[in-house]
Protein chains: 2
Amino acid sequence: MLLAVDCIIFGYDGIELKLLLIQRSFEPEKGRWSLMGGFVQPDETAGDAAFRVLKQLTGLEDVYMEQLNAFTNPHRDPMERTASVAYFSLIDINKYEKQISNEYHPEWFPIKKIPSLIFDHEAMVKMAKEKLRYKAAHHPVLFELLAEKFTLPQLHNLYEMIYETIIDKRNFSRKILSSGLLIKQKQKQKGASRRGAFYYKIDKRTYQHKFDAFLNIVPNPDNLNGTIYQ
Amino acid sequence: MLLAVDCIIFGYDGIELKLLLIQRSFEPEKGRWSLMGGFVQPDETAGDAAFRVLKQLTGLEDVYMEQLNAFTNPHRDPMERTASVAYFSLIDINKYEKQISNEYHPEWFPIKKIPSLIFDHEAMVKMAKEKLRYKAAHHPVLFELLAEKFTLPQLHNLYEMIYETIIDKRNFSRKILSSGLLIKQKQKQKGASRRGAFYYKIDKRTYQHKFDAFLNIVPNPDNLNGTIYQ
């Protein structure tokens, strides 16, 4: 039995939700698209391996990754039995653009135009998308995908892409603004529309508080989130 | 590298929150307390192995288990490198009491009196407790630990044990009753107190709806939960 890791990196560039992939450089399945993966070395945990592999193949480092699931189907790798621990991450593409190296030709694919992937990587991506939807409904995680300053059209667009559905713009703006989560900036984004769109920042403290307070039977849920959020 | 599974089974008997453990019957660490664990066989997924091991060691079957985390520290098992995928489950002890076999002497320990455990099993239990707290703050999972009919003191007691804190009884009752989540039964529990306590049932539809509606920017979150809740 071998132990491997695979990294599912979601990114947003302000326009599209994307997934980072590389072309596999060795057999089996050489030349096909793949998540960033590799084998866990004797002195490593799976988490260590995930960070090493991600850095080696893409140049990315200091990104937050969390364990998604262990994939253990006995036939998932046709060469030799290999269990894979999948990790996932959400990043603001523009922030990491310069860090990404071209040595292994990693490429960002729009989430709706993902090519066919090797092994069970499509199942991994599917589960990661479900977890992203779930987390985004419960936590301010979407703001990890956004630049520090973002516009309402960008936020609306991100929600639409994650939930793969049309969300009424007027309703969305009304709800999100009435939540008290956003701090309006004086600056406008130029170019995207004739009038321009105001930038906003997230008030993380308010969001956390709002989020934690929704089931107020539970005492001190801050402590709990702190732990799980790691 | 070997691949193993470990099962973390939380149970509630109406009085105490408990954890199911067995005494290890082989070296290393023979005789010490352990989660129910074993190796993944060539034709099995880790999930298959978890259900097989749990049934073999405790008699338990048809319980809902979900993957918690893969534990992959290279030195977690001193004999040979072994990664372990941990699964966890919440059960109503009374419902499964008859099913549990005595062949391997599984024993329920109150969550506050857990003995020292082998390997990294204490870290597994710690993570499972955190996940239980987290899930209980977001989902009606605690009702998987309760009998179909339960009293307010039992529910209050369960919350106190899970969050390891004192929760004001009057406040708790007021909040939980005003939530519209509970359906009062005509029957009273006899014996636990002089006046007796009314039984309640959970209105799962209301709970689900309430839960899903809290962030109403997200469309059709029912679909999302369906998936994640698996």
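The values are calculated or read from the model by the stated rules, or taken from the named source; none is laboratory data. Computed from a prediction, not measured in an experiment: that's the story for all the values here. Backbone-built Cβ (ideal geometry, glycine too); neighbour counts: all protein chains shown.
General remarks:
- Scanning segment A:142-184 for residues that are at positive phi and touching a helix residue (DSSP H, G or I) at 6+ places or on another chain (Cβ under 6 Å) turns up just one, A:180.
- Considering B:83, B:70, the condition of being more than 19 Å from the chain's Cα centre (by Cα), farther than 26 Å from residue B:158 by Cβ and among the hydrophobic types (A, V, I, L, M, F, W, C) is satisfied by B:83 alone.
- Cβ-Cβ contacts under 7 Å between residues 6 or more apart (or on different chains), taken from a first residue in segment A:107-123 that is over 23 Å from residue A:77 (Cα atoms) to a second residue that is at pLDDT 95 or above and exposed (fewer than 14 other Cβ atoms within 10 Å of the Cβ), are listed as A:109/A:115.
- Those residues of segment B:16-56 which are within 21 Å of residue B:129 (Cβ to Cβ) and in contact with a Pro (Cβ under 9 Å, 6 or more places away or on another chain), in sequence order: B:16, B:17, B:18, B:19, B:20, B:21, B:22, B:32, B:33, B:36
- Test: residue in segment A:92-106 that is assigned to a strand (DSSP E or B) and away from every other protein chain (no Cβ under 14 Å): yes
- Any chance residue A:198 is farther than 28 Å from residue A:8 by Cα, aromatic (Phe, Trp, Tyr), surrounded by 14 or more Cβ atoms within 10 Å (Cβ to Cβ) and at pLDDT below 90: no
- Among residues of segment A:1-31, those that are modelled with pLDDT of 95 or more and closer than 20 Å to residue A:80 by Cβ, counted: 5
- Condition met for residue B:82 (without any contact (Cβ under 8 Å) to a residue 60 or more places away in the chain, buried (at least 16 other Cβ atoms within 10 Å of the Cβ) and within 14 Å of chain A (Cβ to nearest Cβ)): no
- Tally, over segment A:173-194, of residues that are away from chain B (no Cβ under 13 Å), in contact with a Ser or Thr (Cβ under 6 Å, 6 or more places away or on another chain) and either aliphatic (A, V, I, L, M) or part of a loop (DSSP other than H, G, I, E, B) (or both): 1
- Among (1) surrounded by fewer than 21 Cβ atoms within 10 Å (Cβ to Cβ); (2) at pLDDT 95 or above; (3) more than 9 Å from chain B (Cβ to nearest Cβ) - the single one residue A:53 does not satisfy: (1)
- Note on segment A:102-141: residues that are in contact with a Gly (Cβ under 9 Å, 6 or more places away or on another chain) and exposed (fewer than 14 other Cβ atoms within 10 Å of the Cβ) amount to 2.
- Residue match in segment A:160-172 (condition: touching a residue at least 40 places away in the same chain (Cβ under 8 Å), in a loop (DSSP other than H, G, I, E, B) and buried (at least 17 other Cβ atoms within 10 Å of the Cβ)): no
- Where a residue in segment A:41-61 is among the aliphatic types (A, V, I, L, M) and its partner, wherever it lies, is surrounded by 21 or more Cβ atoms within 10 Å (Cβ to Cβ) and part of a loop (DSSP other than H, G, I, E, B), with Cβ under 6 Å and at least six apart: A:46/A:40; A:46/B:72; A:49/A:40; A:54/A:60
- Yes/no for residue A:59 being under 22 Å from the mean Cα position of the chain (by Cα), more than 13 Å from every other protein chain (Cβ to nearest Cβ) and over 25 Å from residue B:84 (Cα atoms): yes
- Residue in segment B:47-64 that is within 28 Å of residue A:40 (Cβ to Cβ) and in a strand (DSSP E or B) present: no
- Qualifying residues in segment B:144-157 (those that are crowded, with 21+ Cβ neighbours inside 10 Å and within 13 Å of the chain's Cα centre (by Cα)) - the one nearest to residue B:86 (Cα to Cα): B:145
- Scanning segment B:96-154 for residues that are under 19 Å from residue B:203 (Cβ atoms) and among the acidic types (Asp, Glu) returns B:144, B:148.
- In the set (1) on the phi < 0 side of the Ramachandran plot; (2) at pLDDT below 95; (3) more than 16 Å from the chain's Cα centre (by Cα), residue A:96 fails one condition alone, (3).
- Scan of segment B:1-50 for residues that are surrounded by fewer than 17 Cβ atoms within 10 Å (Cβ to Cβ), at the interface with chain A (Cβ under 10 Å from one of its Cβ atoms) and of a type in the set (Asp, Glu), ordered by number: B:43, B:48
- Failed condition for residue B:26, given (1) of a type in the set (Phe, Trp, Tyr); (2) touching a strand residue (DSSP E or B) at 6+ places or on another chain (Cβ under 9 Å); (3) under 30 Å from residue A:75 (Cβ atoms): (2)
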